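In what follows, a structure is listed as C-alpha cells, so that the remarks can point back to it.
The values are calculated or read from the model by the stated rules, or taken from the named source; none is laboratory data. Owing to the predicted nature of the structure, the values given are computational and were not obtained by experimental measurement. Please note: Cβ atoms are built from the backbone with ideal geometry, for glycine as well, and neighbour counts cover all protein chains shown. The area values use the complete protein model at the heavy-atom level, side chains included, leaving out ligands, DNA and RNA. Shrake-Rupley method; radii C 1.70, N 1.55, O 1.52, S 1.80 Å.
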Amino acid sequence: ESVVVKMIPDSRLPPRHLHSVHTGKTFAVIKWESPYDAPDQDMLYAVAVKDLVRKTDKIYKVKSRNSTVEYTLKKLEPGGKYHVIVQLGNMSKESSMKINTVPLSAPDALKIITENDHILLFWKSLALKESNFNESRGYEIHMFDSLMNITAYLGNTTENFFKVSNLKIGHNYSFTVQARCLYGGQMCGEPATLLYDELGMGKDSSATTSGRATDVAAIVVPVLFLLLVTLGIGFVLLYVRHRRLQNSFTAFANSHYSSRLGSAIFSSGDDLGDEDDEAPMITGFSDDVPMVIA
C-alpha cells in the first residue's frame, strides 16, 4: 500500500546553492535554485549587492518561476569586492556569497633605460588594451630591495615613464608598475614586474637584447666601412696601374712606328741574332797594312 503526500511549500526557506558562474572585470554571473522544487507560481527574489570598498548598496528584483535562476550583475568595478545576498521578496531567510571582480591588466612592455645617475622606467599605455582604464587615473610604482628586504612606494604618475634615483651599488631591485589603487588601496590593477640587478649592470631581457644588438652593430658597421674603403682603394690602384701600362705601351708603339709602312715594326730576338751572324767580324789592323785616310 502507498500514500501520496503533498508538502506545503515553505516560503520562509532561503534560496539554495547560490554560487558564481563567471566573473569578469565589470560583471558577474550568479546562479541559485528556488527554496523548493517545481514552483507553481512566479517567485520574486531580492538581490542585494554590497560594495565592500565604496561602502554602498544596490538592490535588484528578479522574478522567475524556474527552479534554477541565473542573473548577471552589471556595472561592477575592476578589482572590486562585493557581498551578494539573495532572498525571497518577503524577506525570508537569505543566502549570501562574496565576489571579487577581475582587476585591470598589468601594463605591457615594461623596460629600463640606464642613465648616468638614475634609471627610467618605460611601459605602454594601459588604455590601449583596457577600455575601462582612464589615463587620468594614473599608475603607481613600487620598488623591492632584495638585499634590505624592504618594499617602498615610489609614487604615482599619469605618464608612461618614471624616473628612479638614489639606487645603491650592489643592491638588487624589483620594480612594479600597476594601475593606481583606488579607495584606500583596495582596488588596484595587476602589477607588471621587472628585475634590476645592480646599478649600471641591471637590464631586463629586452634591454639586454637591444644592448647586445647595439654592441654588434658598433663592431660590424666600422668593419664593413673599412672593407668598403679598402675595396675602393684597391680599385683605384688597379685603375692607375692599368692606365700606366696603357700609356707605356702607347709610347713604345709610337717609338717603333714606321711612317713609310704606316705601321709599327717589332723585331724578334731571332732576327737580331741572325743579323749578328751575317755581319762581318771586325778584326784588328795589321802593322804592314797602310792606313789610308781620305
(request) Would you kindly compute the Cα radius of gyration of region 60-182 and its largest Cα-Cα separation (Dmax), both in Å? (result) 21.8, 71
(message) Full-extension gain between Leu228 and Leu245, please, as 0.36 nm times their residue separation minus the C-alpha to C-alpha distance.
(response) 3.5 nm
(message) How large is the accessible surface of Met91 in square angstrom, using a 1.4 angstrom probe and rounding to the nearest 10?
(response) 130 Å²
(message) So, taking all protein chains as they sit and a 1.4 Å probe, how much accessible area belongs to His17, in Å² rounded to tens?
(response) 120 Å²
(request) Provide the net charge surrounding Asp42, with neighbours chosen by a C-beta distance below 9 Å and charges set as Lys +1, Arg +1, Asp -1, Glu -1. (result) +2
(message) Counting only other residues whose beta carbon sits under 12 Å from that of Ile141, what net charge do I get with K and R as +1, D and E as -1?
(response) 0
(message) If I take the Cα coordinates of region 16-100 and project them onto the principal axes, what are the three extents in Å, biggest first?
(response) 39, 23, 17
(request) Could you compute the FRET efficiency for Lys163 and Lys61, with r as their C-beta to C-beta distance and R0 at 45 Å, rounded to 0.05? (result) 0.30
